[in-house]
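Just below is one structure, and these are the notes that go with it.
The values are calculated or read from the model by the stated rules, or taken from the named source; none is laboratory data. Model, not experiment: these values are computed from the prediction. Cβ placement follows ideal geometry from the backbone for every residue including glycine, while neighbour counts extend to all protein chains displayed.
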Amino acid sequence: MNLRILTLLLLLTVVSCQQNTPRDKDISILKDKADSISTLSQNVLLQNVAGAIKKGGTEYAVDFCQVEAIPITDSLSKEVKMYIQRITDKNRNPKNNLKTKNDRTIFDEFKRKSELFDTLLIEEKQYVYYKRINLAMPTCLKCHGNPQTDIENKTLQKINLLYPNDKAVGYKLNDFRGLWKIEIPK
């Protein structure tokens, strides 16, 4: 009789543990969803920045980004009910700096492995999706490129005025720029 109870308890424990562990299919669905959200976020930001450049040039776009970039991602976060953020070790806005040990570890891994596209961490209360951001368009160099050759003097002055501790310059086309970080509640 004790053997039956023990067997039943063991079975319930195994079933219970399996229900709390995401299956490969579930992880794939989460990664696909987070990838779509990061792509949407990237497109919305790029469209807005392109609009700002068209309206007033790169100097105006720096002003625009300082005021609007984080509110745009915050608005998207509310819409999809997930926390969306861009993170980097060479930030312009201090809010985009690497803040956690996991952020630093994951970032360093992406930096070392150029073929690494994305990853999903399973934490106790949430999933955290990270996706590579490379500097993919020549237009990006007008604010993030070489200060002597790529960035107009007035734009550089505006960057230095608004971001006195700026580290987000000196990039070349296709350089690793940062990560999208999306926190998905369980």
Residue match in region 113-126 (condition: surrounded by 19 or more Cβ atoms within 10 Å (Cβ to Cβ) and in contact (Cβ under 8 Å) with a residue 40 or more places away in the chain): no
Filter result for D103 (closer than 25 Å to K181 by Cβ, modelled with pLDDT of 95 or more and assigned to a helix (DSSP H, G or I)): yes
Every residue from region 50-72 that is within 16 Å of L141 (Cα to Cα), under 20 Å from the mean Cα position of the chain (by Cα) and surrounded by fewer than 18 Cβ atoms within 10 Å (Cβ to Cβ): A50
Region 29-45 - residue that is in contact (Cβ under 8 Å) with a residue 60 or more places away in the chain, closer than 21 Å to K95 by Cβ and aliphatic (A, V, I, L, M) and, of those, surrounded by the most Cβ atoms within 10 Å (Cβ to Cβ): A34
Qualifying position, being among the β-branched types (V, I, T), farther than 23 Å from I184 by Cβ and in contact (Cβ under 8 Å) with a residue 60 or more places away in the chain, among V62, V67: V62
Hits in region 64-88 - residues which are under 22 Å from T155 (Cβ atoms) and part of a helix (DSSP H, G or I): F64, C65, Q66, V67, E68, A69, I70, P71, I72
